[in-house]
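Each remark here refers to the structure printed beneath this line.
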Amino acid sequence: MAALNYIFSAFLATMLQAAIILGPALALGLAMNFLARRVQVAAARLVGLKFYIYATAPGTICHELGHAIFAKLFRHRIKEMKLFSPSPDGTLGYVAHAWNRRSLYQNIGNFFIGTGPLWFGALVLWLLALLLLGGDAWSAVATAPAMEPTQAGATQWLLTAAQTVWASGWHLASAIVSMMDLTSWTTYVFIYLVVAIGSHVSLSPPDLAGAGRGLAVLLATLGIFNLATIWIGDFATSSTMWLSSRMGVFYGIMVFVLIANLAVAMILVPLSKVLRG
């Protein structure tokens, strides 16, 4: 009975740590994925699929670069890469990679490679805001609400973190909108790139399959670590809270991309339905 309780405690700790590390990113990623696909469909109906594909080529390139960069970071071998190569089967680009199946690091890397377009796309859009709208985007991030790793209780910390992530993202989105000058060409270039890149911040079925393989290895690794150490104390949960708090600004950027996609979807989806009707 004691052994079962120990295993159950390790399992609960693993699930909580996974929720702390990956929960905000996965929730935002799934929402971004859903909205990006709605934007893709609506835009293709409005302007035609072929025009949409070529007009949003920067988004496809950014998507594939997200895969490729994480493949290199996790020491995968890139066998072939096409950043933009539309084909009749609907493929717009791809990154074919190979890895050492016996390497724990490289197997975990599959999760980040599969979800790479989410992380990289959000980062690129923020850097574009800096470049095209002005350096005030730095101060917007600096003054955004920050997550604190010292909240009492991991479950309460998760709830507080979710509120802080949304507040940080809304703060950043509001700051970026306030920096837009409708008399400047750079604002319209930025809006175009938000649509082009934001509509491709989505994951294909092969992306999700690869990410799932990496996630399974990551969870198994966390579980084994907890089984070996939880008798000392659940210090791993405190460490994951600290790590996630350092990513608070990045979560805010992802919320900004989510809000941008939501705004575009609210315009394009009804319009596409009206015109189709």
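Tabulated data
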read-out: With at most 16 other Cβ atoms within 10 Å, longest stretch of the chain clear of loop chymotrypsin sites (Phe, Trp or Tyr not before Pro) (DSSP); value: 85-230
read-out: Lysines with Cα under 17 Å of Lys72, excluding same-chain neighbours fewer than 8 positions away; value: Lys82
read-out: Local electrostatic count, Leu118, Cβ distance below 15 Å [Lys/Arg +1, Asp/Glu -1]; value: -1
read-out: Integer Hz, Karplus 6.51/-1.76/1.60 couplings in order for region 40-46, x for Gly and Pro; value: 4, 5, 5, 5, 5, 5, 6
read-out: All lysines inside 25 Å of Lys273 as judged from Cα atoms, apart from same-chain residues fewer than 8 positions distant; value: Lys50
read-out: Karplus-derived HN-Hα couplings along region 23-35 (A = 6.51, B = -1.76, C = 1.60, θ = phi - 60°), whole Hz, x at Gly and Pro; value: x, x, 5, 5, 4, 5, x, 5, 5, 4, 4, 4, 5
read-out: Most fluctuating residue given options Pro86, Pro24, Pro206, as computed from a GNM of the chain linking Cα atoms under 10 Å; value: Pro206
read-out: GNM flexibility winner over the chain from Ala260, Ala211, Ala162 (Cα, springs under 10 Å); value: Ala162
read-out: Estimated dipole of the chain in Debye, rounded to 20 [Cβ of Lys and Arg +1, of Asp and Glu -1, Cα centre]; value: 780
read-out: GNM flexibility winner over the chain from Ile224, Ile176, Ile61 (Cα, springs under 10 Å); value: Ile224
read-out: Per-residue Cβ neighbour rank within 10 angstrom, fewest leading, Arg102, Arg75, Arg38; value: Arg102, Arg75, Arg38
read-out: Extension gain (nm, one decimal) between Lys72 and Leu208, 0.36 nm per residue minus Cα-Cα; value: 47.1 nm
read-out: Residue order, fewest to most surrounding Cβ atoms within 10 angstrom, among Asp207, Asp89; value: Asp89, Asp207
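Every number here is computed from the coordinates shown, using simple stated rules; none is lab data. Owing to the predicted nature of the structure, the values given are computational and were not obtained by experimental measurement. As a convention, Cβ positions derive from the backbone with ideal geometry for all residues, glycine included, and neighbour counts pool all protein chains shown.
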